[in-house]
Amino acid sequence: MAEAKQVKNMCFHTSTTFKTKKLEAFYKVKLGDESNRDNFDKPNYHLNGFSHPNMLIIPQQKSNVLTPAVWGIVPSGKSKSDIKPYFKESVRFGSGLNARSEKVFQHFMYRESIMTKRCIIPVSGFFEPHDQKGKKYPFYITSKNEEPISLAGLYTIIDTVVTFTILTKDASPLFEKIHNKKKRQPIILDSEHTHNWLSVDLNETDIEELLNADYPEGKLNAYSVSKDLFSPKFESNVENILNPVNYEDLELKV
């Protein structure tokens, strides 16, 4: 399965367990369509990006709302009927789940979105793989104060469908230890930068400053979890996937 091969690369796995009212209060926004509330109030303990789930984002063009979007950015020239074939075709390139922030002003898929279609992806946490002698150990990263984590992203609008990607950058010292193979991390925005990220007045220099800003590592909690996360043989969207698992042979301490 593609998922089994791809899980070990970047931020392709997230967790969204907060109620929509919590997100509305935290970000001072409203859910755009009330009929979506029950669906997005259901906790998702593990979302595998390669299943292209619907998640809530805060889009720059309507920065006062939470709106559903499909994880996996699709080029803006496509139509709605092109989305599934595009995901199938692009799986070897990561299916648009992540975008390297260093390329956003040059890459044909990102250079339009970076100026006018930036977004916030609220998550309760995300997963990263740690490599030790060829063995993979999944780590869960969440906020110590149990507040939403704001990931920076870009989006496109394909007919009536919003698609998005999570921006990444070179790893900070914490993530260099955890994600020690690729040494990348998603871009996490603090409260001030979250507000600024959606501003319509930013120029390229302003955007680069936000992309390169460091998030305080002391605000994050990271711990190892079950390897079931990586296995297509197990149902991993279950509450206990977030439970800490201590491995006797794991040398990394965070």
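The values are calculated or read from the model by the stated rules, or taken from the named source; none is laboratory data. Remember, it's a predicted structure, so these values are computed and weren't measured experimentally. All Cβ positions, glycine included, derive from the backbone under ideal geometry; neighbour counts span all protein chains shown. Just the protein is used for accessible areas: all its heavy atoms, side chains included, with ligands, DNA and RNA removed. Shrake-Rupley method; radii C 1.70, N 1.55, O 1.52, S 1.80 Å.
Here residue 119 passes the criteria (1) closer than 17 Å to residue 161 by Cα; (2) of a type outside the set (Phe, Trp, Tyr); (3) open to solvent by 10 Å² or more (accessible area, probe 1.4 Å) except the one numbered (3).
You will find that of 138, 68, the residue that is assigned to a strand (DSSP E or B) and either more than 14 Å from residue 11 (Cβ to Cβ) or open to solvent by 50 Å² or more (accessible area, probe 1.4 Å) (or both) is 68 and no other. Count of the range 145-185 residues, restricted to those that are touching a helix residue (DSSP H, G or I) at 6+ places or on another chain (Cβ under 7 Å), outside any loop (DSSP other than H, G, I, E, B) and within 20 Å of residue 15 (Cβ to Cβ), is 6. Only one of the numbered conditions (1) over 28 Å from residue 26 (Cα atoms); (2) under 17 Å from the mean Cα position of the chain (by Cα) is not met by residue 84, and that is (2). If you go through the range 186-198 and keep only what is within 11 Å of residue 214 (Cα to Cα) and part of a helix (DSSP H, G or I), you end up with just 193. Output the residue which, of all residues in the range 1-24 that are open to solvent by 70 Å² or more (accessible area, probe 1.4 Å) and not in a loop (DSSP other than H, G, I, E, B), is modelled with the lowest pLDDT. Per the criteria, the residue is 5.
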